[in-house]
Amino acid sequence: ITWTSATGGDSLNYLGGKGVELIPTEHTEIIIGLAPYQVPVTGPNGFGNIPLTLKYRFFAGNEQHGDYIVTGFLAGSIPNGRFASAYASITPTFAFGKGYRNFDFQSTLGWTIPAGGRQKSGTPVAYNTAFQYRVLRKLWPEVEANVTLWPNGSTKLVGEKQVFMSPGLVAGRFHLWKRLGFSIGAGEQIAVTHYHQYNHAKTLSIRFPF
């Protein structure tokens, strides 16, 4: 469950990121996600895009063997429901992360390619890096940088760059029952570039990992 407060209004989002996960080989994973269900404070409710993801793990090591991971993604998005995009898209992504004792960082670099409407939306490139530090065993203060570049698209977008710095705090994982856990996190996206599509978006996320 995720609550988001942005320029367009507050909303609750359910089901996002969950679905069927298949691991056919040691290094591959296929995720057939559930379309997120969005509940705005004002206006009608509805579903968003259906997410599909193929992952391939290139390298990985546990805490005793380097504490790192390097993964490739091929994500897809199928339009579905009231809050769906106009076109399907694919997003090739490269992800990596490294931990050292109580510190870790995680980064992704992806390129979104829509099936149509590129003259308007372009093919944006997104780069994301999050830095976390564990304190008191269950608390994770973090800061995240989100960068989006538009190498093409409409006259308004082409050549633009949008950067957000997002301080936040995650608490968890707390044990509930058997394998079921509970985590909660909150943060705020603060624009640090002149061009931005929104600013001061606040997010509260509650997860039940198992």
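The values are calculated or read from the model by the stated rules, or taken from the named source; none is laboratory data. Predicted, not measured: the structure shown is a model, and the values here were computed from it. Cβ coordinates were reconstructed from backbone atoms using ideal geometry, including for glycine residues, and neighbour counts include every protein chain displayed. These accessible areas exclude ligands, DNA and RNA; they are computed on the full protein's heavy atoms, side chains included. Shrake-Rupley method; radii C 1.70, N 1.55, O 1.52, S 1.80 Å.
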> Out of the residues in segment 76-108 that are in a loop (DSSP other than H, G, I, E, B) and hydrophobic (A, V, I, L, M, F, W, C), which is farthest from Arg137 (Cα to Cα)?
Replying inline: Ala86
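Looking at segment 57-72, can you tell me whether even one residue there is part of a loop (DSSP other than H, G, I, E, B) and either in contact with an Asp or Glu (Cβ under 7 Å, 6 or more places away or on another chain) or under 23 Å from Glu188 (Cα atoms) (or both)?
No, every residue in segment 57-72 fails to be part of a loop (DSSP other than H, G, I, E, B) and either in contact with an Asp or Glu (Cβ under 7 Å, 6 or more places away or on another chain) or under 23 Å from Glu188 (Cα atoms) (or both).
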> Residues Ile23, Ile30: which one is surrounded by 13 or more Cβ atoms within 10 Å (Cβ to Cβ) and β-branched (Val, Ile, Thr)?
Replying inline: Ile30
> Any idea how many residues of segment 127-162 are closer than 21 Å to Gly97 by Cβ and either aliphatic (A, V, I, L, M) or open to solvent by 60 Å² or more (accessible area, probe 1.4 Å) (or both)?
Replying inline: 12
>> Considering only residues that are small (Gly, Ala, Ser) and farther than 21 Å from Thr28 by Cα, which ones fall in segment 74-88?
In response: Gly81, Ala84, Ser85, Ala86, Ala88
> Quick one: what pairs do we get from segment 164-176, first residue farther than 19 Å from Leu136 by Cβ and open to solvent by 70 Å² or more (accessible area, probe 1.4 Å), second assigned to a strand (DSSP E or B) and of a type outside the set (A, V, I, L, M, F, W, C), C-beta under 9 Å, 6+ apart or different chains?
Replying inline: Met165/Glu144; Met165/Asn146; Met165/Gln189
> Would segment 17-25 turn up any residue that is at pLDDT 90 or above, charged (D, E, K, R), more than 27 Å from His200 (Cβ to Cβ) and assigned to a strand (DSSP E or B)?
Replying inline: yes
> Listed residues Thr2, Thr7; which is at pLDDT below 95, surrounded by fewer than 13 Cβ atoms within 10 Å (Cβ to Cβ) and closer than 22 Å to Gly187 by Cα?
Replying inline: Thr7
>> Return the residues of segment 109-125 that are part of a strand (DSSP E or B) and open to solvent by 50 Å² or more (accessible area, probe 1.4 Å); say none if nothing qualifies.
In response: Leu109, Trp111
